[in-house]
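Here is the structure we will look at, set down as structure tokens.
No lab work stands behind these numbers, since they all come straight from the coordinates. These numbers come from a predicted model, not from an experiment. Positions of Cβ are backbone-derived with ideal geometry, glycine not excepted, and every protein chain shown enters the neighbour counts.
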């Protein structure tokens, strides 16, 4: 009995003495899903997208009276200051654990983002699983002010469409905050972030009426990838270059490529089902050299020309064509980065570092110049694995 | 039994009831009648019938209590022979011994014994000029027939359950286990109620130490009345201050027989359709007799479901409270938005909300049990409408909370034993308080304390968590899983560690024992 009472007293003490230090009810917090960082003069303009929970749940989603999210913007000397100052606008404490995306404006990125990343990585309330994007040709604030349909929370829409397009199209990159810091800090590799643009009229996109149309007049769309020199944005990769970047970085899951038919008019489209890349650095005669091997498996997806796919040599011919044309694209992209920007976004420096650390230690300061002259050998290996539902293309059947 | 009567005499003054040494019978008939009736306060349900007294036939008087006797026995075997008596040369007692054809006929002079027999349903025959009486067994009277189990219902399996009558219950068990080694010992507990308590076990399977322990604990019970097995259970359980039952109860003869075959002891209390099974281990409260009647794979799955339900019933509301008030980052985003939208405008904190709902539910459940069957359905209608719908529509509680509380309740109903279910209900509130004050950290603390407590418990010396902690690989066949019967060759290790093989019959052991004797 005494024993039991003692336990009960102890338990009671645990309950009353510790107090409810970080207890917060769901209706006392404002869930932040998106964050945008712009700059005005020397100050930071911070925008946050907050979920309006009353208007996102399934049962109330039909009513379009009020917006599913609210975007607040506040100016501050630092991100943290701006965050705390945001409580002047919001009725609730902002809760950052469900942050999906952080958008930096192109302007901010050009000036250097590392001072801004410190808070994002340091604060305990933020997780590290949100994606970092660059708003192209517009302020980050505006990206967070465009309404979307289907996924009524724009930040959520950006999050999931980035994942989908990365999976199926491979011209976008998913970079989380911790990976970004790693890339910035790493010598011999540079950061590359996906760009986002507003397609259509910005004014109209900010209203709920935008979502009332069948064809939305204003949309958020991923466009190109921004590459950095250290923490400063230098330029943009176009779609092809973005893909090449992803291929070399071994982050292509699936994609689609269009190539000219071998020895014929018309084009063929292949579906990439598996892509593996190996970047191997070596130092010969004190000269760095990088070998990129790409091993890509494809299915024939669409044929505009007449080919008999039942013949093995046809498939070999296709593979050969694919290898030749894609190799050229890859080589051109690498060459452009070497000659035009001298920025090693592919991580070749890191490959050299791994292959020959002592060489790297000696030459890392002059890597930009070395990269410009770097001998890059590209090995391409395509395999056609499947040819789809029928053997002979429709144009071929027509000829018969 | 002797000890019980001794203690009655020793402690006579403690009891408010007249218990002092009673006067024995004398040779005067009327004096004897008055003596017995006087002790019984001339209760009106005692029937007196006189026979003979003239034509040379010596007078005899029978006494019995109305309603406690078996009518047929009384009429045909006692009254009829007495009525048509012829004059007899020798002593009246010898005469009656020959005439009365009761199944059990004893001669007694001890008033205590006679009175007790009278109130157990026996017929007392007093005779002219004799200082002793004949006690003819005629127990009977109204009793409930064997019916379907009301609590532990099953789909497949025997549909009989124990009744309030001890001898019916022992017979029900004997019908399942037809072995001479199934031994029954009875004793009397309760100074006033004088309740018959039987212990049944299979000699040779049960550990002798457990039998000794149980008998010793039963003998130490000193109480005026035993009205249900619960009285006994509370007296003989290993630990009082625990929410967990350390003795199992069942109203199913097949479960009892299975327990006997595992080397456990069945304690039957006269007047209760629930028998006690001891020792009882934690995992046994999650086993239903049906587990052994269905296919093993299905049974294993269902048993897993029960453990899952136990966890849900114990933790669901506290996890909900902890996660929504402390660890919002753990909830998937879209679920969080859905929950948050429900919480909009909710007047109470999540913990208070959960607490109110749980209390309301417990009230409803209690009302459902206490109310008769006729009004039971109206309770559930009011409950569904008030708690389920109106409260949500009025915005007083969130729909998510209703879902959590009702799934908790349903999960709780899965428990095959009611007393384990109650423990879960009790602990749930503790966990909710811990969750509300400390979040998941608190729940973890609670679980650690719970695990320590469970491992600390014993049931008649056997660790409560046996086969899990301490771990017996052999017993895993029938703990969390239910292996096919042909793989369950051995009995539970701790219960029958001297006779494990199930195929090995008891008699082998038995003969050895007799040789020793």
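How do A:363, B:485, A:313 line up, fewest other C-beta atoms within 10 Å first?
On the way: A:363 18, B:485 11, A:313 8.
Result, fewest neighbours first: A:313, B:485, A:363.
For segment B:296-463, what Kirkwood radius comes out of the mean inverse Cα-Cα distance, in Å? Can you show the working numbers first?
Working: mean 1/r = 0.0576 Å⁻¹.
Kirkwood radius, segment B:296-463: 17.4 Å.
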Original post:
What Rg and what Dmax come out for segment A:319-400 when only alpha-carbon atoms are used, in angstroms?
Top reply: 20.0, 66
Original post:
Expressed in nm to one decimal, what extension gain is obtained for the pair residue B:308 and residue B:222 from 0.36 nm per residue of sequence separation less their Cα-Cα distance?
Top reply: 26.9 nm
Subject >> Peptides A:323-329, B:468-474, A:339-345, B:311-317 ordered by average Cβ neighbours within 10 Å, highest first >> reply: B:311-317, A:339-345, A:323-329, B:468-474
Original post:
How fast does chain B diffuse by Stokes-Einstein, in µm²/s, taking the Kirkwood radius from C-alpha pairs at 4 °C and 1.567 mPa s?
Top reply: 48
Subject >> Cα-derived Rg to Rh of segment A:245-400, Kirkwood definition >> reply: 1.10
Subject >> Label-point gap, in nm, between residue A:305 and residue B:239 - each point 7 angstrom along Cα→Cβ >> reply: 8.2
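What FRET efficiency, computed as 1/(1 + (r/R0)^6) with R0 = 60 Å and r the Cβ-Cβ distance, is obtained for residue B:203 and residue B:329, rounded to the nearest 0.05? Intermediate values should be presented prior to the final figure.
Details: r = 62 Å, r/R0 = 1.03.
In this case the efficiency is close to 0.45.
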**OP:** Find how much the distance from residue A:365 to residue A:264 grows on full extension, using 0.36 nm per residue of separation minus their present alpha carbon separation; answer in nm with one decimal.
**Re:** 31.4 nm
Original post:
Quick one: helix A:154-168 against the long Cα principal axis of chain A, what's the angle to the nearest 10°, folded into 0 to 90?
Top reply: 20
**OP:** Could you work out how far helix B:418-438 tilts from the main Cα principal axis of chain B, as a 0 to 90 degree angle to the nearest 10?
**Re:** 30
Original post:
Rounded to the nearest whole Å³, what is the per residue volume of the convex hull around the Cα atoms of the protein assembly as shown?
Top reply: 295
**OP:** For chain B, find the longest principal axis of its Cα atoms and tell me its angle to the long axis of helix B:399-413, 0 to 90°, nearest 10.
**Re:** 30
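With the Cα gyration tensor of segment A:26-237 in hand, give its eigenvalues times 5 under a square root as the equivalent ellipsoid semi-axes, listed largest first in whole angstrom. Intermediate values should be presented prior to the final figure.
On the way: eigenvalues 136, 86, 49 Å².
Rounded to whole Å, the semi-axes are 26, 21, 16.
What is the average number of partner chain Cβ atoms found within 10 Å of a Cβ in B:324-330?
Working: counts 3, 7, 5, 2, 8, 7, 1.
Per residue, the average neighbour count from other chains is 5.
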Subject >> Largest to smallest principal axis extent of the C-alpha atoms in segment B:166-280, angstrom >> reply: 35, 27, 23
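Enter the mean number of other protein chain beta carbons within 10 Å of the beta carbon of each residue in A:98-106, as an integer.
Working: counts 9, 1, 1, 0, 0, 0, 0, 0, 0.
Across the residues of A:98-106, the mean count of other-chain Cβ atoms within 10 Å is 1.
Take the alpha carbon atoms of chain A, find their radius of gyration, then divide it by 2.2 N^0.38 Å using N residues; give the quotient.
Working: Rg = 26.1 Å, N = 400, 2.2 N^0.38 = 21.4 Å.
Taking N as the residue count of chain A, the ratio is 1.22.
Using the Cα gyration tensor of segment B:266-328, with a ≥ b ≥ c the square roots of its eigenvalues, what is the shape: rounded (a/c below 1.5), prolate (a/b larger than b/c) or oblate (neither)?
Judged from the Cα gyration tensor, segment B:266-328 comes out oblate (a/c at least 1.5, b/c at or above a/b).
Semi-axes of the equivalent ellipsoid for segment A:156-249, please: Cα gyration tensor eigenvalues, times 5, square-rooted, ordered largest first, whole Å.
Details: eigenvalues 166, 39, 29 Å².
They are 29, 14, 12 Å, listed largest first.
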Subject >> Between segment B:136-194 and segment A:263-331, the Cα center-to-center distance that results, in Å >> reply: 84
**OP:** State, to one decimal in nm, how far the label point of residue B:156 lies from the label point of residue B:406, with both points 7 Å from Cα in the Cβ direction.
**Re:** 3.2
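Report the FRET efficiency, 1/(1 + (r/R0)^6), for residue A:8 and residue B:21, where r is their Cβ-Cβ distance and R0 is 45 Å, rounded to 0.05.
Values: r = 48 Å, r/R0 = 1.07.
Here the calculated transfer efficiency is 0.40.
Roughly what percent of Cα-Cα pairs across segment B:230-369 reach past 28 Å?
On the way: 4221 of 9730 pairs.
Everything past 28 Å amounts to 43 percent.
Just want the ordering: B:392, B:100, from fewest to most Cβ atoms lying within 10 Å of their own Cβ.
Details: B:392 17, B:100 21.
Fewest-to-most Cβ neighbours within 10 Å comes out as B:392, B:100.
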Original post:
Which whole number gives the average, over all residues in B:185-193, of C-beta atoms from other chains lying within 10 Å of the residue C-beta?
Top reply: 0
Original post:
Under a plain spin-label model, where a point goes 7 Å from the Cα along Cα-to-Cβ, how far apart in nm are residue B:451 and residue A:278?
Top reply: 4.6
**OP:** For an R0 of 60 angstrom, estimate the FRET efficiency from the Cβ-Cβ distance between residue B:142 and residue B:396 and round to the nearest 0.05.
**Re:** 0.70
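Give me the orientation-averaged projected area of the Cα convex hull of segment A:310-366, in nm², one decimal.
Numbers: hull surface 22.5 nm².
Here the figure is 5.6 nm², rounded to one decimal.
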Original post:
Semi-axes, largest first, in whole Å: what does sqrt of 5 times each Cα gyration tensor eigenvalue give for segment B:101-255?
Top reply: 32, 21, 16
